[in-house]
Structure formats: C-alpha cells, structure tokens
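The values are calculated or read from the model by the stated rules, or taken from the named source; none is laboratory data. Everything numeric here is computed off the predicted structure, so don't read it as measured data. Here the Cβ positions follow ideal geometry from the backbone for every residue, glycine too, while neighbour counts run over all protein chains shown. For the accessible areas, the whole protein counts, side chains as well, though only heavy atoms, and no ligand, DNA or RNA atoms are used. Shrake-Rupley method; radii C 1.70, N 1.55, O 1.52, S 1.80 Å.
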Amino acid sequence: MKHLNLPTTLLPRVLRKGPSLPTLESQTPRGMNDDTCSQRSDCCALGVGLCSSELAPKGNKHSEVATDDRPECCQGKATPCCDETCLDRIALRECQSSHPGKASTESTGNSCDGVKHGKPCSDHSRRARRNYKSKLDALGCICRALIALGQASCCVPSPDGSSEFKGTPSLRSHSSASLKSLSTGLDTKRRHAATSRGQQKAQQAHGSAGIPLGTRSPCSKGCCDSRQARGATPPRFRAGGCCVETKDAALTAMTPTQQALESTEQSDPEKHGLPCREHVVLAISGMTCTGCETKLQRTLGTLQPVTNLKTSLVLARAEFDLDAGTLTPDAVIKHLERTTEFKCERVNFETSSLDFVCNGNSQSIVDGPWPRGVTGVTIVDKGKSVRVDFDPQTIGARDLVEKGWSEPMTLAASQADPGLEAGNKHVRHMGLMTLLSIALTIPVLVMAWAPLPENEIAYGSASLALATVVQLVVAGPFYPKALKSFVFSRIIEMDLLIVLSTSAAYIFSVVSFSYMITGHPLSTGEFFETSTLLVTLIMVGRYAAALARQKAVESISIRSLQAPTATIVCDSGVEMKVDARLLQLGDVFKVVPDSKVPTDGTVISGDSEMDESMLTGESVPVEKHPGSSVVAGSINGSGTLIVKLTRLPEHNTISTVASMVDEAKLSKPRVQEVADRVATYFVPVIIVFTIITFIIWIAVGVDVRNQSGREATIRAVTYAVTVLIVSCPCAIGLAVPMVIVISTGMAAERGIVFKTSQSVEVAYRTSHVVFDKTGTLTMGKLSVSEQVFLNHEAFLTRSMLLGLISQNKHPVSVAVAAHLKDQGVEPIEVANAKIVTGKGVESQVRGDRLRAGNSRWIDATSNPSVQGMLSRGYTVFCFSVNDSLAAVFGLEDAVRPDAISTVTALQARKIDVHVLSGDDDVAVRAVASRLGIADETVMSRCSPADKQAYLQQLTRPTVPPGKSPVKPVVMFCGDGTNDAVALAGATIGVHMNGGTDVAQSAADVVLVRPDLGKILTTMAISRKSIHRIAFNFGWSFVYNLFAILLASGAFVHARIPPEYAGLGELVSVLPVIAAAALLRWSRV
C-alpha cells in the first residue's frame, strides 16, 4: 500500500473537513460500543455524521465523550483517539495488505516478513512511524487524514487481518463512503489509485463478503434491503443524503450534454475531500478540418472538471487536466464520442504501462486480482487487449509478464509512437471507405457516359441503387457529425456543406428519376453520376489529405527513434534479447557495434564512440568510456559497451524531448488565432453566398434567359451545389499547425527543442541577443591560474575553504574545489553552508565566520593581490575568515570555439549583442573585447535582479519616427546557472543544456548540446516557418476566391461542373501540406 503523505502544514485543514467520525475503543478489536449504531451498516446515519457526539451514549464507560479542546475531528469520539497504538495498527494493516491470503506466520521472503503473532513486520513498523509519527506528535490525530487519502481510520482495529473489517460493517461502509466523497461517480474497478484498489483486492483475496468501494451496505431502515431484494443496483452514498440511487440510471434519461454536466457538479471540499487531478491524453480519430478541432474544444470546454485544455488537428490529439473526483476519463471519452462521432482512445506517455493480448475474457482480468504494483487495468482495442499501468519501483516489466498473473499473458505488438496510432487507424478507415466509394461509383459512371444500348429505366434503377448505397454507407457518417456539431457545439462545419451538397444532388436525381418513370422527364434528366462522383472525389480528397498529413507527422516523430529491442546481461553473465519495453530498474544491457542504444544509461565497461546526431544534430561522434552517459536512440560505433540502465524507456531522453516537442505542437501561436477566427466564419458565409447564388441564377433564368421556373431552379441548384462543395476552409485551418508540427520536429532533429510555438513565431524577429558569460560564451570549465594565501595557516585555510564550497555547484566553486582536491587537501566538515545568490557562500565553523565569493562581496577589491589579478583579466575568487581576507584565486576560462563566428553573424544581421555576467568587470570586458562586443552593451558584476532589470529595459517598446510603437524581441541565452529569472524575463529564453536532462529548464527553447551556432539555426527555422505560413494563407485565399467564383458562374464561359467539385479539398489542402513537409529538407 502506498502512502500519500501530506505536509504537516496542510493536515489541520484536512482534519477539519467533514463530519465527525465513529470510533472504536482504540486498544481492543471488540467492535463498536456505541449503542446508537447497530452492528449492521446504517447508510442513513452516514448522512448525518455517523454516530456523532450528539448521539453518543451517556453512560458507556468505553465511549466517554470528550469535551476538551482537542482537534475538531476528535471531538465526540472515545478517549483516547490517536496514540502510538494507531501507528502499530497502520503498520499491521499495511503488512496484511502486502500479503493477502498468507497465513500469519508465513514468511514471504522479501523485505516484509509478514504478520507474525498478530504483530507487523519491522519494515512496515518503521515505515508507519516515518510517515505518520511527526503528524501524530504535531496534531494528536491522524484518522481524518487517512480517510481523506482513501484509507480507513487509524482508530479502526483489524480483527481478521483484512484491510476491510468484517466485524465493523458500518465503519467499512464509512471508509467506502469517505473514499466515495473524494471521487463522486468514479468507477472504482478502473481507478488508478493504488490504495483503494489494494483495499478492494485484499478484501477479495480474503473472501470477504464486504461491500465494494463506492457502494453502501444495507441501511438499518430496510430501504436499501428492499432495493437489493428486487435486484436493483445498490444505491451509492452521496454526502448529505440517504439511499441515493446511482446516477447511471438517471443519466440515461438525459441528453449527452446533460449527462456530462450532471457528472460535473462541483464537489464541496468540505463534503467531498481533496480533488484528484489527473492528466489525460486522448488520441482522436475522425478529425478532418479546423471545424472538427473547434468542435472538440467546445465539447470538452463545457465539462467543468476539464482544465488546461490543448488540442491539435495535425496530431489528432487532446490533452487536459481532469478532476477525477467528479468525472472519470472513461466518462469523458463516452461523452465525447456521443456528441462528436469521434473515436477516442487514451494514450499514456507519463506512466509505465504494457498492453497484453487477452486469451480469454478481458473483463475478468479487470475485475480479477491484480499483482502488487499494478495501479490500473483498462480494456483497449475493443476488448482484444488490456492496458496495465504499474509502478516500476514496485514491480518490473519482466516480472509483471512472467510471474505477475495467475494465467500467462502475451505482450501485445509494440508501437513506434502510440500517439500516431489513432491517425493510422483514421487513414486506414478513410482508405477503405474511399475504395468502396470508387467501386460503387465506376458502374454508375459507365452507365451514364458509356455508349450503351438504350434502356434508361434499367440503368436508372441500377444507378439509384448504387447511389443510395454510396449516400447511406459512404456519405452517411457525415450526417450525424454535422447535426451533432450544430446541436451540441453550435458549430456549422465543413461536414454540413458536404451533407447539404450531396443530399441536394442525390434528392434532385431521385426526383428526376421519378419524373422519368412517370413519363414526364425533366430537361436535365437524372444525374446520379453527379452525387456519386461528388462523394467519391470528396473521399479521395480527404484520404489523400489525411495520408499526406499522417506521413508528414510520422517523418518527424521523435519517439520512433526508440530501439525496439535490448540485450540484457544477467548476473550470471548470460545474455538475453528482450523487448525494450521489458527493461526494468537495475538492468545491465549490452550495446553491440552499429546498434541503437535502447535507453539512457551509464557505461560500466568498454570503449566506443556514439553518433548522437539524431538528437543533437552534430555529426561528429562522441567518445564513450566507463562512467560516460549514453543517450537513448544514439548509434554505437565500432566498440562494445556494457551499460547500467539509469532511465526506463518511457522516461528517457527520447521520451522527454518528444513530450517537450509535443507541448510546442499543441500550443497555438497568435497567428493561429486569426486563422481559427476566419475558419469559424467561413462556412456560414459560404452558406449565405450559396443562397445568394441560388436566388441570382433563378432570377437570371427567368428574367434574362426566359426559362421556365422549373428549368431555372434546376440550373440554380447545380450552381448552388458546386459552390457548397468546392469551398474549403481546411487549407486555412492547416496553414499554421502543419508548419508548426514540421518545424518543431525538424528543429528537434537538429538539437533544438522549441517548448512553445510562440517561440517559432517570433524568433526570426530577434533584435537583441543577450549572453551570459560563464558557461555560455566561455566553456564554463574554469581553471585556477594563480593563487595567493594571505595568512600563515595555508593548510587550514585550504581545508576550511574546501569544506565550505564542496557542495556548491557554481562553476567557480567547482573549479576551486577541484584545484584544492588535486593538491590533496582534505575538507573540514562545514554544516549549513548558505548560498547567497550572485555573491557566494557563507557559514559558521567553531565560531568563525567563513565567506567565499566575489571580491566585491568580500570587500577586497582594494587588496593589491586582487587588483593585480583583475588587471590580468582573471576571474577573482576570494575567501575570508571573520572578514579578514585569507586567500585569493585567479581563474580563467576559454572562449567557446564557435562564439566568435556566432557573434559576428548576429552583428552582420544588425542584431545587438549584449553580455551580462556576475563576474568582475575586467574579466567580462576581456572576453567581450575578444569577441568584438561593444563596451556599452557589456554589464559585469550582475546579480539576478540586475539581469532582470536590464532585460526589462531592453524589452520596452520603442517608437520609430512616424511609426507605431514596436516591442523588441529579446533573446537571452544562458546555461541555467543563476539564470532562471533572466530566462523568464526575456521574450525568448534559450537554455544551453550540458547533459541529457533537458526537462529541467523553464526556458522557451532548449539546446540539447551547448552549441552557440544553434541560435542562428533557431532564427533560420523561425524565418522559414513564417514564410511557409504566409504562403499557405496566400494559397488558401487565392484558391477559395477563384474556386467560388468559378463555381458560382461569375465567369460566363467557364465554370466547375458539380460532379467535379469534390476535387476541391484535394486541390486546396495538398499544396498546404506539401509546403509544410518540404520545410524538412530546407537548408537552415
């Protein structure tokens, strides 16, 4: 059982919430002595506080009511409430939960020896005291905290060794109800909380006839008994009420939106406990245009528990945070599928999970006992598979497969990128429907256009049958999607144009065919070939667009770099090739020549070189020796390496970079807001224009061409249908996101991770680049070139200094510490060293005040030794004892090889280059002079606040003569040491990363490897991306303008026939996708 430990400062608030609880005599397991509570569970009592102080008997010696000033949750309970025996009771409960079904004297062979003679093992005893002792001492009560965390009260003894208590049904019911109050409406069989699932499974293992979590036992009034006798579903507890029916039955009578809104009632924290936030990622199948994304946003936006919503049409994905206490992810998926006709599947990038192929009934696996460490089991792939979420710290992936289940389970086939699977399914479905439509349309075209013998009735009947199948089977799904979009989301989208146009063509053909049968054919005759060809060309266009979009996204998929297999080396030396998903903590794996590294690790033997260009963009191999780090996805050279695993595949560098890139793809630049606004109004405007076209052509036919009303109407319908279908807002909707997806993926391949799409949008307009000096313009590997000791106790001085700075990670401190260690200095233990940001470090040792840092803070700038080192351009590091200068060190740092070329290129583009540093003035200006940076843009001796003020000054809007104010784009580039404030204050913060942990920075752009030339690449990618976006917008405008004019008959001698209008989507969307995809091969 896992513990969710709350800080002590939070517990008083938790403990004050909710009604007072029933208690038992804490020393004995004899059950309840409160006469007002029967041994049966009374759900009605739950609603009024469950044996609160008002109902406690007056004369019971075991239930002495407390009237002191103890915590509120304890008032009215038996005395004592919580003491040391509660800790023993918690330990006993956890020990029993770890060994369900084991005899009390049986040893399991792991760190927990199980319950012996009614006492917990030493391991769980220590753990319980470590987790709860401080809270007990501080508050005197921990029972309410346990209930808030979904566990039973600590005041409840366990007479039978189960985690659900047979002898105290009302308390078991109350524990269930308390958990229910945390997660109203939650399906406990699929809950991902390990604690609640552990309680339920422990109860099943003991064969208890207890009540499932989330339901109540029958109440003493008999109302629940009668319901259950009739076979009804047991009612569920809701705070403040008695015998409340489950919502499921009531919800069936509501509309889908009402059902979702009913499920999203805000939970009062006083009643329902702490919220449970869960991050949900959904892969959406069926999105084809920007209207679909808008519909997705509005549908999810109506659900109150959904926050931080992000969607992407190109990725076919939605991400959001969900209050799982009020609405489950499954409920969100069902609501979404009902109201949008999309197909949704949950994707998990954050937790460890495996998919298993079910040999039998998948539901039995969900309902059956789970192995220890499994946190959730869900059915996927229409019941063919189950997805198992587990804690890799508790159970490894191989252990889960080999010995985790009572029946053998087969691992499902791996997916290179699970997030792309929904897109592949959509493309396959579109391809099948397109082939079906083509197969049904070809006979109609042959009967309409081929020189066949005269038999109009037979050909017409066959065409009607085939056209009806096309209209119902192929075009049929458009109808519910369009209607539900309008009803539930109030959106008029592209599907509605397709429905109106194809329906008009089909119905008109049916009417015309009816006239022909009755012997009064219309002048145009029936034209089923128009409706069928229209649908088929629409499907061809959508399939081609979906396929091109999917291939473009797959081409820059970072997760596809993950190696599918790994060779692990067992303790006995035996090598075994396994699926990379089955790697687990503690593994040692072998990397043979010319193979991919399966996950991050540390080399323990062997020498080789690695090609890390797939993540860094650098083609030069990196040498690897024992102790070197290796990165997942990199390609080994000629040597063989034995590597100790440091990160599992789901948390390695590939997964981290992919998550950061996806975050950028899901964010929306400002120009996307304009495109979305245009696309929102596009379809209604087209409908209005279609009506105008229809009216105009009727007037022209009747008044100008002297046609009959019927002839004029027929002609007007053909023009209206063509206008409806030839217009396409999809190109507008894809103009921005398609480019963002390709550009961010292309940048990641070059070692540049855009964390926001706004950075892509503005980086090319950079007017100022501000560099930190140490570690950015310089190598960051300082070395001591000169040292002076100013007292006669140099050995003691060295020891005290090393003890003071040994734990400091600042580059200067690291260099001085390494220098002292090389001299064989042993540090004196210095406790509570305090880092003073931008100045140094200080502490107290045996009454002596120690300070080490820059010369200004030490107040030693006038010392001759200090001045001499400053004049020679050294970085000066001083050490004082009781404010008396004891030692001075002069350090120097080499300038990065690419610094001069980068600064020169920036200046050639008329970009101002600045240097900010906390180093001494002479050292900073020496580096700036070597790089050709003007003195007026150099600032030394900067604290983080100084850097922030300097950047604020640079980012102030400027007013060019005769123009409106312009806000400069300021890029700050630092290595992350004391640069957090500056990174946040700049328009674009660039973090130069020196290792594989790229997720630690709060910057907008992360350079996977410290390479200043990547700054120029960042600007180049941004510039080319904006150019492609401009082209896409231009093409969308030109296409729609001329297509609508041709379709409406504005050009007298040129028009688009209605049967070919379906090619509109293909012609409009493919150039947009091609322009974005070709960006990948651009020179940047």
When only the heavy atoms of the protein chains count and the probe is 1.4 Å, how do Y764, Y1060 rank by accessible area, highest first?
Y1060, Y764
Residue separation times 0.36 nm, minus the C-alpha to C-alpha distance between S884 and S708: what's the value?
52.5 nm
Determine the order of H1053, H991, H429 by accessible area, beginning with the largest, at a probe radius of 1.4 Å.
H1053, H429, H991
Given a Förster radius of 35 Å and the C-beta distance between Q363 and Q393 as r, what FRET efficiency does 1/(1 + (r/R0)^6) yield to the nearest 0.05?
0.80
Starting from the 7 Å offset along Cα-to-Cβ, what nm value, one decimal, do you get for the label separation of S901 and E554?
3.7 nm
Which ³J(HN,Hα) values in Hz, rounded to whole numbers, follow from the phi angles of region 958-963 under the Karplus curve 6.51 cos²θ - 1.76 cosθ + 1.60, where θ = phi - 60° and Gly and Pro get x?
10, 10, x, x, x, 10
Going by amide H atoms built from the backbone, whose H comes under 5 Å of the H on E786, apart from near neighbours?
G890
If you filter region 841-894 for trypsin sites (Lys or Arg not before Pro), then keep DSSP loop positions with at most 10 other Cβ within 10 Å, what is left?
R846
Which residues' amide hydrogens lie under 5 Å from the amide hydrogen of T778, considering only partners 5 or more residues apart or on another chain, with H built in the peptide plane?
R896
Quick one: which of K834/K947; K384/K644; K310/K481; K665/K963; K644/K781; K596/K665 span more than 30 angstrom between C-alpha atoms?
K384/K644; K665/K963
Residue separation between T410 and V473 times 0.36 nm, minus their alpha-carbon distance, gives in nm 19.0 nm
Mean separation of Cα contacts under 8 Å, 6 or more apart, over the residue count of region 633-781: relative contact order %
31 percent
Check S385: other-chain or 5+ apart residues with amide H under 5 Å from its amide H, H built from backbone geometry?
C358, V380
Expressed in square angstrom to the nearest 10, the accessible area of R909 with a 1.4 Å probe stands at 100 Å²
Taking 41 Å as R0, compute the FRET efficiency from the Cβ-Cβ separation of S638 and A949 and round it to 0.05.
0.20
Derived scalar couplings ³J(HN,Hα) [region 572-577; Karplus, 6.51 cos²θ - 1.76 cosθ + 1.60; whole Hz; x for Gly, Pro]
7, x, 6, 9, 9, 8
Computed over region 826-938, the relative contact order (Cα-Cα under 8 Å, seq sep at least six) in percent reads 18 percent
Could you work out the relative contact order of region 355-413, using alpha carbon pairs under 8 angstrom and six or more residues apart, expressed as a whole percent?
41 percent
Rounded Å value of the spacing that divides the Cα centres of region 726-798 and region 883-912
16 Å
Per DSSP, the loop-located GluC sites (Glu not before Pro) within region 748-820 having at most 13 other beta carbons within 10 Å are E793
Between R1023 and H625, how many nm apart are label points set 7 Å from Cα along the C-beta direction?
4.1 nm
In nm, what is the difference between 0.36 nm times the number of residues separating D822 and L483 and their Cα-Cα distance?
114.4 nm
Report ³J(HN,Hα) in whole Hz for each residue of region 593-608, in order, from the Karplus equation J = 6.51 cos²θ - 1.76 cosθ + 1.60 where θ = phi - 60°; Gly and Pro get x.
x, 6, 10, 7, 7, x, 6, 5, x, 10, 5, 10, 7, x, 9, 6
May I ask you to rank D83, D662 by accessible area, largest first, using a 1.4 Å probe over the protein chains only?
D83, D662
Hey, got a sec? Which trypsin sites (Lys or Arg not before Pro) in region 323-427 land in a DSSP loop and have at most 16 other Cβ atoms within 10 Å?
K384
